[in-house]
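Each reported figure results from applying straightforward, stated rules to the coordinates on display, with no laboratory input. Computed from a predicted model, the values in this text were never measured in an experiment. We place every Cβ from the backbone using ideal geometry, glycine too, and count neighbours over all the protein chains shown.
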Ligand SMILES: *Cc1c(COP(=O)(O)O)cnc(C)c1O
């Protein structure tokens, strides 16, 4: 029987594996790099109020939110495009710029959404291995650029390994890469960065018309469940991305909550500092235990457990610790409450890494 067939690439794509979800209340969910804190009271209040308005469409392009974001970045509203999480924004960027035959260069291992979003456009995903210390190899990435390269992506801090790229490295990369290649800098975890040499997206954007920054309210701002993220880019780039965006994509609750979260940014950044302090504590303890942990600049740590990955993940699950294994490579563990982090450290202390 004939039947409608999706494009062959659809069947060939890897599935995005969501972080495991707890089946009981005592489990610690450390598998999706979420913020361990619930939304602030005032943010919860505006979400509840907005519930009474959901018979209406929200603002089509989230104009009020976009204006507030633009002000924070010191750019014009026309430079900002919001959508349903920065994963969706990246999808719009790739849809607007890539077609079959084009190439997209990223580091690898990096964010697992990249291969799916890239290949859905028909473009080829060129994956450049990380260095031995789990960093982007920007020289190799620049060398991987060809006439067919349309987009080069930099994930800083890199999910799932943790290191950032440095500002001077990015300046050098941008001087090398042709100006018609879009350089997308995924800054999903930028609020957690403490390395003073880390790339400063805003400065790179100001100096280069081909730079796009991706930001999200899912991690530091703690709104993962509402799906809102955005791109900051030069006017023509932003206009193209907006064309590909889902109409009315950012829902009323998300727009309202994101606006309230920007107003409460100071209180939220206090919590980010707490998460960072916990990250520093966890990394130091892991290293004392003998683990070789790459520089951790996000809200997660990377344990390079290679062939022992599923073993560690299942031992963790048995103790109610849900982590994110990448079979054959390593385990990404989100920073959670101090109690959850202690439970992780108790496990890693016993589970001696194989050298
Ligand atoms: C979590 C994450 C995002 C953001 O995802 P949302 O769609 O905004 O929730 C983007 N990039 C990376 C690397 C991430 O880890």
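Quick notes
- FRET E, pair residue 71, residue 49, Förster distance 22 Å, beta-carbon r, rounded to 0.05: 0.45
- Remark: C-alpha extents of the range 41-263 on the principal axes read 53, 37, 29 Å, sorted largest to smallest.
- With all pairs of different C-alpha atoms in the average, the Kirkwood value for the hydrodynamic radius of the range 220-270 is 12.4 Å.
- The range 273-292-the range 191-227 distance, computed between alpha-carbon centres (Å): 23 Å
- Cα-projected label distance for residue 315 with residue 140, points at 7 Å along beta-carbon direction, nm: 2.9 nm
- Kirkwood hydrodynamic radius (C-alpha pairs) into Stokes-Einstein, the range 45-175, 4 °C and 1.567 mPa s, D in µm²/s: 76 µm²/s
- For the range 204-320: relative contact order, % (alpha-carbon pairs under 8 angstrom, 6 or more apart): 16 percent
- Remark: spin-label model distance residue 11-residue 203 equals 5.1 nm, labels positioned 7 Å along the Cα→Cβ axis.
- Gyration tensor (alpha-carbon) shape descriptor, the range 148-284, a/c threshold 1.5: oblate
- Where only DSSP H runs of four or more residues are counted, the chain gives -11500 deg cm²/dmol as its mean residue ellipticity at 222 nm, each run worth -39500 (n - 2.57).
- Rel. contact order, % - alpha carbon contacts under 8 angstrom, at least six apart, the chain: 23 percent
- FRET efficiency, residue 112 to residue 307 (Cβ-Cβ, R0 22 Å, nearest 0.05): 0.65
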